[in-house]
Every structure is written in structure tokens, then in C-alpha cells.
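All remarks here apply to the structure that follows.
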Amino acid sequence: MNEFLRIISIDPGSVNLGLCVADVSANTFKPVNIITDNVQPPKLPLVDFYANMDVDNTEYKLAALGNFCYRIFTEQGPHILALESSFYNVKRPSAFKSLLNTVSYIEHAFYRFNPFGIVLEFSPHEIKRNINSKGHKKEDVKEALINMPEIISAMNKPIEECTEHEIDAISVLISACGETRKQNGLKLWLNRA
């Protein structure tokens, strides 16, 4: 039996994606290896081609994002996908539809990779509560992570070098680890496979 679960956690956005790939102990459900990256979907190759044409390239951006995510899932082989769920922001109401589409295309790519895979979604409020953030500002989230030495020691780079999107993806990972622990971990995955 594999002693690790691989979790990919994503902070979805219409401009940037925070991406986190982590190996999590199947016994303790704590991350032992965390790799993060910041991805800009508009910079994906298919989008660049269509961006110069006189067409609405939203569908091309989403298709490129889906293909990019599928490639990541195929290369990394996650057991679980964890995402920040779509949410309505009163300061940016027009971003909701884009965020909803982004989350849908990411989930579709994951189910294309593994039709029996597990997808966990967490609201921004749940994520901040799960990491014990004292507030809702980006600095509060970063400070909460800095106070988690087991997370900091498992990361591939210093937290100071992480973008806000990578930090949010790590926060989503922590929520996924907690939910997996609550759901009896491996049973959650084995019962779905």
C-alpha cells in the first residue's frame, strides 16, 4: 500500500492560479513535501495564438487551462484535488462567472484524468478558519502559515518567495489534509476507487 496520498490544491483565479502539489502521509495526513507554483492561464500557448485574432478568446483560455491542468494531473497523479470554491465578491461582481468557469474546467480536467477521483472544495471562510488565520487579509493568511513549522519545513522554497496565490493554494492544502483526516483518510480514497 502506498504510504502517501498526493494532493493537488489550487487557488483558482481568472488571472493567476496558485498551484500546490503535495505528498501527504497516509498515517498522519500531514504534508511531507510541498511544491508550489504560480500559473498565469492567459500565458498558455493556445491562448497566445487566439489572443491576436478578432474573436472572444474566453473559451480558448478555458480550454487551454483545462488542457494544462489535465497535463499536470497526468504527470503528478494526484489522488485528491482540492480547490477554493467559487465565491461572489461584492467588490468584483463580474469576476464570479469567470471564477465559476475556471473551477468547472479544472474539475472537468481532473475527472478526465480520474473519473473516480475525489474533489474537495472549500469556501474562503472555511480555509481561513482551517489555518487559524486571525483575519481575512493576505498578510494574516501568510502569518498563519509562518506559524506552522511542519508546513514551512515541507515546502520547496521559502514562504517569502511565494506569491499570494501560492500561499492560498497551501492554505487549501491544509484544509484538504484536515478534511481527509476527518473522513478517515485512505478510506475516503479507497472507497471511491
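Every read-out reported here was derived from the displayed coordinates using simple, explicitly stated rules and does not represent laboratory data. Computed from a predicted model, the values in this text were never measured in an experiment. Virtual Cβ from ideal backbone geometry, glycine too; neighbours counted across all protein chains shown.
So here's what we get for this one:
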item: In region 132-185, the residues that are surrounded by 15 or more Cβ atoms within 10 Å (Cβ to Cβ), hydrophobic (A, V, I, L, M, F, W, C) and out of contact with any Leu (no Cβ under 7 Å at 6 or more places or on another chain); result: Val141, Ala144, Leu145, Met148, Ala154, Met155, Cys162, Leu173, Ile174, Cys177
item: Meets criteria (under 27 Å from Ile106 (Cα atoms) and of a type in the set (Val, Ile, Thr)) for Ile170; result: yes
item: Any pair with Cβ under 7 angstrom, 6 or more apart, that starts in region 123-134 at a residue that is in contact (Cβ under 8 Å) with a residue 12 or more places away in the chain and over 14 Å from Ile146 (Cα atoms) and ends at one that is assigned to a helix (DSSP H, G or I) and not hydrophobic (A, V, I, L, M, F, W, C); result: Glu126/Ser175; Ile127/Ser171; Ile127/Ser175; Asn130/Ser175; Asn130/Gly178
item: Every residue from region 64-89 that is hydrophobic (A, V, I, L, M, F, W, C) and part of a strand (DSSP E or B); result: Ile80, Leu81, Ala82, Leu83
item: Within region 123-139, considering residues that are outside any helix (DSSP H, G or I) and out of contact with any Asp or Glu (no Cβ under 7 Å at 6 or more places or on another chain), the one nearest to Leu83 (Cα to Cα); result: Ser123
